[in-house]
Amino acid sequence: MHELAKIPYIGCGIGLRSDISDETFARSREIDTVEIISDKFFSDRIARNIAYLEKAKSYFRVIPHGIKLSIGSASPIPEQYLRDMKWLTDDVGAYYYSDHYALTHDDDMLDIGHLSPLWFTKEMLAHVCSRVDQIQQFIGKPLVLENITAPFTIPEADYEEPEFISRVCEKTGCGLLLDVTNVFINAFNQKKDAMQLVRQYPLQNLVHIHLAGGEIHEGVFYDSHSQGISGDNEGVWPLLEYVAMHANIRALIIERDENFGEEFEDLVMKDLRRAKQIVESSRLVGSARNSRGG
Ligand SMILES: [Fe+2]
């Protein structure tokens, strides 16, 4: 088991995206860390991408975040994919590697093209745990997996999603990447209380946070990463405040993947400052509490 407790505080930042990379580099004094999409730097290792990675490393602490692990797939994880995960994690000096509780493809036979929810059965739990063990052993660092949004829940499951995630964390010692916006969106779409839902995740294993803004269309909330965290997304903030007071957040990333038309300030910086203020003031409260021994 890898000790999550050894992971230090990294800071708050944003997802590095080519549409906003000039502005991101220009604001490096205010942005502690950036998250990169790992798969863009794998295997082919295109020289242009590697040069971009080197530049990112020279400005920021870089955190790798994959989208094609497909932890629930039946076919074995390709050896090359494991080697790529280890290479990138070591190359950027990351404390952990992250991806999702999801299916994206199986072998070369089927590619769903997006993150699809797992079927939360006992069989899937055993399968996911053995793959998490395999990855953690191979890369020599913790794997940190993220909750995703689910447009529907697959029937006849043995667990609800938070319980499934708690069991994986408990059995493998892996970390939790809690996408707070995904919790908020799932609560909205499943007509649940978001604050009650967020409390069910294994916050003792929490390492990393994602925040983003989604959109409502015809009564359904979509995880579009296309909005600031305000308006319909305002309810994300009290959830972050709760999590910050009850977990040891090492990194927080604002994700923005679409709708880049606004000024960079409104795209991500306002939200980043607000998030950082919540994370860092809760860290101060936590250290004051620890130094009093309470
Ligand atoms: Fe996310």
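The values are calculated or read from the model by the stated rules, or taken from the named source; none is laboratory data. Here the structure is a predicted model, which means the values were calculated and not measured. Glycine also receives a Cβ, built like all others from the backbone with ideal geometry; neighbour counts cover every protein chain displayed. Surface accessibility is based on the protein's heavy atoms, side chains included, excluding ligands, DNA and RNA. Shrake-Rupley method; radii C 1.70, N 1.55, O 1.52, S 1.80 Å.
Some notes on this structure:
- The stretch 163-249: GluC sites (Glu not before Pro) falling in loop per DSSP and having at most 16 other Cβ within 10 Å: Glu218, Glu234
- Rolling a 1.4 Å probe over the protein chains gives Tyr95 an accessible area of about 80 Å².
- Value of relative contact order over the stretch 159-239, rounded to a whole percent, pairs C-alpha under 8 Å and six or more apart: 31
- Dipole-positive endmost among Phe120, Tyr59, Val168 within the chain (Cβ charges, Cα centre): Tyr59
- Of the solvent-accessible surface of the chain, computed with a 1.4 Å probe over protein heavy atoms with every protein chain present, carbon and sulfur atoms account for 50 percent.
- Compared with the direct C-alpha span, the chain from Lys171 to Ala74 gains 32.9 nm at full extension, assuming 0.36 nm per residue.
- Stretching the chain fully between His127 and Ala5 yields a gain of 41.4 nm (0.36 nm per residue, less the alpha carbon separation).
- The mean accessible area for residues of the chain, using a 1.4 Å probe and ignoring ligands and nucleic acids, is 46 Å² per residue.
- Residues listed by number, the stretch 1-41, amide nitrogen under 12 Å from Asn290 label point at 7 Å toward C-beta: 5-9
- Among Leu16, Phe41, Pro142 - extreme Cα towards positive end, dipole of the chain, charges at beta-carbon: Pro142
- Under 16 Å from the Glu263 label point (7 Å along Cα→beta-carbon), backbone N, the stretch 11-28: 23-24, 27
- Counted over the chain, the DSSP beta bridges are approximately 20% antiparallel.
- About the centre of its Cα atoms, the chain shows a dipole size close to 1380 debye [charges on the beta carbon of Lys, Arg (+1) and Asp, Glu (-1) only; nearest 20 debye].
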